[in-house]
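The structure under discussion appears below in the form of C-alpha cells.
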C-alpha cells in the first residue's frame with residue numbers, strides 16, 4: 001500500500017488538495033521530479049482540472065492516448081506532472097507552475113506555448129568519450145559539445161518533444177527569474193547580484209528589495225510563463 005499511496009495528511013503542502021476527505025492519496029511514480037514539485041496525472045486530471053470524475057475515467061483517457069506530458073503520450077496513471085511540465089489533453093494545454101502560496105497550479109496555455117518548456121541546469125557531468133552531459137531539473141540529460149558555454153543555474157528552452165535547444169538562458173545579473181521557494185515563491189524578478197559563498201553556506205541571489213538562496217531561483221529570461229504577478 002505504501003508504494004502506491006500516501007497518507008493524505010502527509011502529502012506535500014504544494015499539492016492543492018483538501019487533507020481530510022479520505023485517508024489515502026495516490027503517490028506519483030518515482031521519476032524526474034521531487035515529491036514536492038509534482039503530482040500524479042490521476043490527481044491532476046480528476047481533482048485539479050476536473051476532466052474526470054473517477055480514476056477509472058482517467059484510465060480511459062490514458063488508455064486512448066488522449067493525454068501527453070511534454071509532447072509524449074502517457075499511459076502510467078501515477079506519472080508525475082511537475083514544475084514547468086506541459087500537460088496536453090486533447091486540444092487543451094497546461095503548464096505546471098507555482099502560485100504565491102507555493103501550490104502547484106496547471107495554467108492554460110496556447111498550442112504554440114505547448115511546443116516548448118524551460119529546464120534549469122542542475123549539474124554537469126563528463127561521460128564516456130569526453131562528451132559533456134547537462135543534468136536538467138526534470139531528469140533530462142542533454143549532450144553538448146561546448147562544456148564551457150553552459151553553467152549550473154543556467155536554463156535551456158527546449159523544443160518538445162525532440163529536446164532541441166531553442167535558447168540558452170544565462171543566469172546572472174539582469175536575468176528574469178521565477179522563484180520556486182522562499183517568501184516570494186510564484187513571483188518573477190530580475191537578478192541584481194549573484195553572491196558565491198566560499199564556505200558550506202548556500203550561494204545567495206539578490207533581487208531588488210529581497211534576497212534568497214540559489215536553489216529557490218529558476219532562470220526563465222523572456223520565456224512567457226502563465227503567471228499572475230510580476231515583481232520588479
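For the stretch 116-132, what are the residues that are within 25 Å of the chain's Cα centre (by Cα) and touching a residue at least 12 places away in the same chain (Cβ under 8 Å)?
116, 117, 118, 119, 120, 121, 122, 123, 124, 126, 132
Could you say which residue among 165, 169 is within 19 Å of residue 212 (Cβ to Cβ) and either in contact with a strand residue (DSSP E or B) (Cβ under 9 Å, 6 or more places away or on another chain) or outside the structural domain of residue 84 (by TED's automatic domain parsing) (or both)?
169
Can you tell me which residue is farthest from residue 182 (Cα to Cα) among those in the stretch 52-80 that are out of contact with any helix residue (DSSP H, G or I) (no Cβ under 8 Å at 6 or more places or on another chain), part of a loop (DSSP other than H, G, I, E, B) and without any contact (Cβ under 8 Å) to a residue 12 or more places away in the chain?
Going through the qualifying residues, I end up with 64.
Can you tell me which residue within the stretch 18-33, out of those that are closer than 19 Å to residue 138 by Cβ and in contact (Cβ under 8 Å) with a residue 12 or more places away in the chain, is surrounded by the most Cβ atoms within 10 Å (Cβ to Cβ)?
28
Give the stretch 106-131 a look and list any residue that's surrounded by 14 or more Cβ atoms within 10 Å (Cβ to Cβ) and modelled with pLDDT under 90, or say none.
If the condition is that a residue be surrounded by 14 or more Cβ atoms within 10 Å (Cβ to Cβ) and modelled with pLDDT under 90, then no residue fits.
Among the listed residues 17, 9, which satisfies the condition of being farther than 15 Å from residue 76 by Cα and either part of a helix (DSSP H, G or I) or not assigned by TED's automatic domain parsing to the domain that holds residue 56 (or both)?
Answer to the selection: 9.
The values are calculated or read from the model by the stated rules, or taken from the named source; none is laboratory data. Bear in mind the structure is a predicted one, so any value in this text is a computation, not a measurement. Cβ: placed from backbone, ideal geometry, glycine included. Neighbour counts: every protein chain shown.
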